[in-house]
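K.L.:
The structure's right below; bear with me while I get my questions together.
The values are calculated or read from the model by the stated rules, or taken from the named source; none is laboratory data. Nothing here was measured: the structure is a model prediction, and the numbers come from that model. Note: ideal-geometry Cβ built from the backbone for every residue, glycine included; neighbour counts use all protein chains shown. Remember, those area values only see protein heavy atoms, side chains included, never the ligands or the DNA or RNA. Shrake-Rupley method; radii C 1.70, N 1.55, O 1.52, S 1.80 Å.
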Amino acid sequence: MKIRQEGLIKLAIIFSVIVSLVYIAVRTALFLFAEYTAIEKFFASLLVAGDLFIILHSTGYAVNIIKMYSGKKKEPYPAYESLKGRQPSVAILVAARHEPKDILENTFVTLKNINYENKKIYFLDDSSEEKYMREADELCRDYSLILFRRQIRHGAKAGIINDCLKNLTEDYVVIFDADQNPLPEFLNVLVPIIEKDKKLAYIQTPQFYSNIEESRVARASAFQQAVFYEYICEGKSSGGAMFCCGTNVIFRREALMDVGGLDESTITEDFATSVKFHAAGWQSLYYNHVYAFGIGPNDLTGYFKQQFRWASGTISVFKKVVWRLLTKPFSLSPFQWWEYLLSGSYYLVGIAFFILMICPIAYLLFKIPSFFANPEVYFLAFVPYFILSMSVFYFILARRHYRAKDLFVGQLLASITFPVYIHGAISAILGRKTTFGVTGKVRSSALGYLSIWPQIFMIFINLIAFTWGINRFFYERDAAVLVNGIWTLYYFAVFCSVFYFNAAENIEISCKRVAKRLKFEYKVLEEGKKYPHDTWKECLGVFFPERLNTDDLIMVKLYVPNTSDVVIFEASVIWSSAIKGIGGYYTDLGVTVISERDKETLKKVLGK
């Protein structure tokens, strides 16, 4: 049955690609045979280019899914026992500059708890302010960390890692961002895999945001990440083209030294270095199991900063990839070239999206082009393409327990970020130097209206175009006016979501993750019983053997370790992971009913 389902999925994806190609072929034919003026040809060619870009990347997504389903059945990964009692040495690096102490402390607590003896934890402090340097000293003293600082700053994060790398002798190097909290089994799972395959340069694991209930931006960006870390990464890995994502990754130190360390010429050093690895003949692997939890941007300020950094850095590497393709076409396999060109060009999506938005406005306000394709032809080509491609996208991710609503919100956030993508892309194309910035991880705050003026401008210009389109349709009765009017109304609604994401949010309760070894019993009392966060007595993150639904009300019995005490309370399920980790499904609970005695005991268990 499973094989049959996978076959049907591949068939649906292939059919979706064919329909997409038919749509772009019709678009192109209508453009080529239309008698347009020069300005009309300019706008029409932009529209075709924008459609072609979107369909090309959609095809890339489809190829990754097919590649994942069509790949050879993987042999079981080697278990920890395969090391036969020998533990290769591991250096764990955390590079930070002006990061909050509480964020770092959470990270180092989890690093110390990694169940692997032959490890050393290095704190690469690149701070320049006395306050943060003093806090770094305190952390190193309290958690027995090895502190590394440098005299001359260069290459941002990649630079300080390379400087530290020169002094390391360990077999493997693990890199975590300052906010990443790994599970205790991280090394026990990954070291045997990379130890067995001597050609592996690195193993990348997913990034997973644990603060998705703290802000709308964090939640939406988390589900953007989910789209990437599911089928896309699996497809890339099956074709030998998985690139490093900068954190939650284990490197073979020999491989890092072989390519000269991390690439310091760009702020997306992970992506750039991956090209060097693959060009040098090293292999990579994506291990699709969550073994670390991080913090996503809590507001548009942090999110826009993150996306600008990724956009400008990725496009700068894209230029190098194109140059390498022209000068060293056989340094990578055809599939690797395909994947690097697609990934490197992704952040041009801001320009493509802007083109697709501006064309309906130009038609309604200025009658450019002077005539539109026959609506019947347009609908016959577009509607099947749109419905089928969207249905396949949502259905595929629903198989991994992602809800269409959450994915759509992630798409909305990406759409309103188009000015940031354009800014980042232009900066990279013009060769402007971009500094490395830390993504904000503290409480969320709203941007001023001047900071989101491009989105507000698009709201008003689409509203004006829609209103004028209604007037035109009343007098002209032209179906083309109606079609373009619908598009402007859609874009108007999309950009109104900027106010949804920009709303200031401040949740004071933070969830404390408890050890997965704790024993729980629970039962569902009521489904869909939502409790606001200000009614929670406590908030904790636990591991359950099954995935619970958000807003379920449950009765929980917690057995206190090393005692005969039992804590009983009612809790609302805030969120439950879609992916089952080693300890089970990670679940955030908001405690709604608990006695004072049990509350005090629970606080002791949580270490509060």
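K.L.:
Looking only at strands (runs of 3 or more DSSP E) that fall completely inside the stretch 550-604, which ones have 2 or more residues that are at pLDDT below 80?
P.N.:
On the way: elements: 553-559, 566-581, 584-594.
Answer list for the stretch 550-604: 566-581, 584-594.
K.L.:
Condition first: hydroxyl-bearing (Ser, Thr, Tyr) and either at positive phi or loosely packed, with under 12 Cβ neighbours inside 10 Å (or both). Now tell me which residues in the stretch 134-158 satisfy that. Can you show your working first?
P.N.:
From the stretch 134-158, those hydroxyl-bearing (Ser, Thr, Tyr) are 143-144; that's our starting set.
Of everything in the stretch 134-158, just one residue is hydroxyl-bearing (Ser, Thr, Tyr) and either at positive phi or loosely packed, with under 12 Cβ neighbours inside 10 Å (or both), namely SER144.
K.L.:
So which residues in the stretch 315-370 are among the charged types (D, E, K, R) and without any contact (Cβ under 8 Å) to a residue 12 or more places away in the chain?
P.N.:
From the stretch 315-370, those among the charged types (D, E, K, R) are 319-320, 324, 328, 339, 367; that's our starting set.
Correct list: LYS367 only.
K.L.:
Given the structure, is ARG27 of a type in the set (D, E, K, R), open to solvent by less than 80 Å² (accessible area, probe 1.4 Å) and at pLDDT below 80? Write out each step before concluding.
P.N.:
Numbers: of a type in the set (D, E, K, R): yes; open to solvent by less than 80 Å² (accessible area, probe 1.4 Å): yes; at pLDDT below 80: yes.
Taking the combined requirement at face value, the residue satisfies it.
K.L.:
Could you tell me which of the residues PHE251, PHE243, PHE186 is modelled with pLDDT of 90 or more, open to solvent by less than 10 Å² (accessible area, probe 1.4 Å) and within 28 Å of ASN298 (Cα to Cα)?
P.N.:
Details: PHE251 fails: within 28 Å of ASN298 (Cα to Cα); PHE243 fails: open to solvent by less than 10 Å² (accessible area, probe 1.4 Å).
Sole residue among the options that is modelled with pLDDT of 90 or more, open to solvent by less than 10 Å² (accessible area, probe 1.4 Å) and within 28 Å of ASN298 (Cα to Cα): PHE186.
K.L.:
On to the next question. Using the structure shown, decide if VAL290 is of a type in the set (A, V, I, L, M) and in contact with a helix residue (DSSP H, G or I) (Cβ under 8 Å, 6 or more places away or on another chain).
P.N.:
no
K.L.:
May I ask you to list the residues in the stretch 254-268 that are part of a helix (DSSP H, G or I) and open to solvent by 10 Å² or more (accessible area, probe 1.4 Å)? Before the answer, list the steps.
P.N.:
Step one: of the stretch 254-268, the residues part of a helix (DSSP H, G or I) are 254-258.
Those that are part of a helix (DSSP H, G or I) and open to solvent by 10 Å² or more (accessible area, probe 1.4 Å): GLU254, MET257, ASP258.
K.L.:
Taking the conditions exactly as written (touching a strand residue (DSSP E or B) at 6+ places or on another chain (Cβ under 8 Å), of a type in the set (Phe, Trp, Tyr), more than 18 Å from ILE92 (Cα to Cα) and assigned by TED's automatic domain parsing to the domain that holds GLY260), does TYR209 satisfy them or not?
P.N.:
Working: touching a strand residue (DSSP E or B) at 6+ places or on another chain (Cβ under 8 Å): yes; of a type in the set (Phe, Trp, Tyr): yes; more than 18 Å from ILE92 (Cα to Cα): yes; assigned by TED's automatic domain parsing to the domain that holds GLY260: yes.
Yes; evaluated as a whole, the condition is true for this residue.
K.L.:
Right, another one. Residues that are modelled with pLDDT of 85 or more, surrounded by 15 or more Cβ atoms within 10 Å (Cβ to Cβ) and not assigned by TED's automatic domain parsing to the domain that holds ILE358: does the stretch 74-87 have at least one?
P.N.:
Step one: of the stretch 74-87, the residues modelled with pLDDT of 85 or more are 86-87.
Checking the rest, the ones that are also surrounded by 15 or more Cβ atoms within 10 Å (Cβ to Cβ) come to 87.
So of that shortlist, the ones also not assigned by TED's automatic domain parsing to the domain that holds ILE358 come out as 87.
Yes, the stretch 74-87 has at least one match.
K.L.:
May I ask you to list pairs of residues, at least six apart or on different chains, whose Cβ atoms are under 9 Å apart, with the first in the stretch 162-186 being touching a residue at least 60 places away in the same chain (Cβ under 8 Å) and the second being open to solvent by 30 Å² or more (accessible area, probe 1.4 Å) and among the hydroxyl-bearing types (Ser, Thr, Tyr)?
P.N.:
Short answer, once both residue conditions are applied: ASN181/SER210; GLU185/TYR80.
K.L.:
Is it fair to say VAL48 is among the β-branched types (Val, Ile, Thr) and open to solvent by 30 Å² or more (accessible area, probe 1.4 Å)?
P.N.:
Details: among the β-branched types (Val, Ile, Thr): yes; open to solvent by 30 Å² or more (accessible area, probe 1.4 Å): no.
It is false that VAL48 is among the β-branched types (Val, Ile, Thr) and open to solvent by 30 Å² or more (accessible area, probe 1.4 Å).
K.L.:
For THR301, which of the numbered conditions (1) touching a Leu at 6+ places or on another chain (Cβ under 8 Å); (2) among the hydroxyl-bearing types (Ser, Thr, Tyr); (3) surrounded by fewer than 21 Cβ atoms within 10 Å (Cβ to Cβ); (4) not in a helix (DSSP H, G or I) fails to hold?
P.N.:
Only one criterion is unmet by THR301, namely (4).
K.L.:
If you don't mind, there's one more thing I want to ask. State all residues of the stretch 120-133 that are among the aliphatic types (A, V, I, L, M) and either exposed (fewer than 12 other Cβ atoms within 10 Å of the Cβ) or in contact with a strand residue (DSSP E or B) (Cβ under 6 Å, 6 or more places away or on another chain) (or both); if no residue qualifies, say none.
P.N.:
Initially, the stretch 120-133 is screened for residues among the aliphatic types (A, V, I, L, M), giving 121, 124, 133.
Answer for the stretch 120-133, where residues must be among the aliphatic types (A, V, I, L, M) and either exposed (fewer than 12 other Cβ atoms within 10 Å of the Cβ) or in contact with a strand residue (DSSP E or B) (Cβ under 6 Å, 6 or more places away or on another chain) (or both): ILE121, LEU124.
K.L.:
Give the residues of the stretch 416-466 that are at pLDDT 90 or above, among the β-branched types (Val, Ile, Thr) and open to solvent by less than 80 Å² (accessible area, probe 1.4 Å), sorted by residue number.
P.N.:
ILE416, THR417, VAL420, ILE422, ILE426, ILE452, ILE456, ILE459, ILE461
Condition check ((1) open to solvent by 60 Å² or more (accessible area, probe 1.4 Å); (2) touching a Cys at 6+ places or on another chain (Cβ under 7 Å); (3) at pLDDT below 80; (4) more than 17 Å from GLU600 (Cα to Cα)) across all residues:
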{"site": "ILE507", "(1), (2), (3), (4)": "no, no, yes, yes"}
{"site": "TYR522", "(1), (2), (3), (4)": "no, no, no, yes"}
{"site": "LEU525", "(1), (2), (3), (4)": "yes, no, no, yes"}
{"site": "LYS530", "(1), (2), (3), (4)": "yes, no, yes, yes"}
{"site": "HIS533", "(1), (2), (3), (4)": "yes, no, yes, yes"}
{"site": "GLU538", "(1), (2), (3), (4)": "no, no, no, no"}
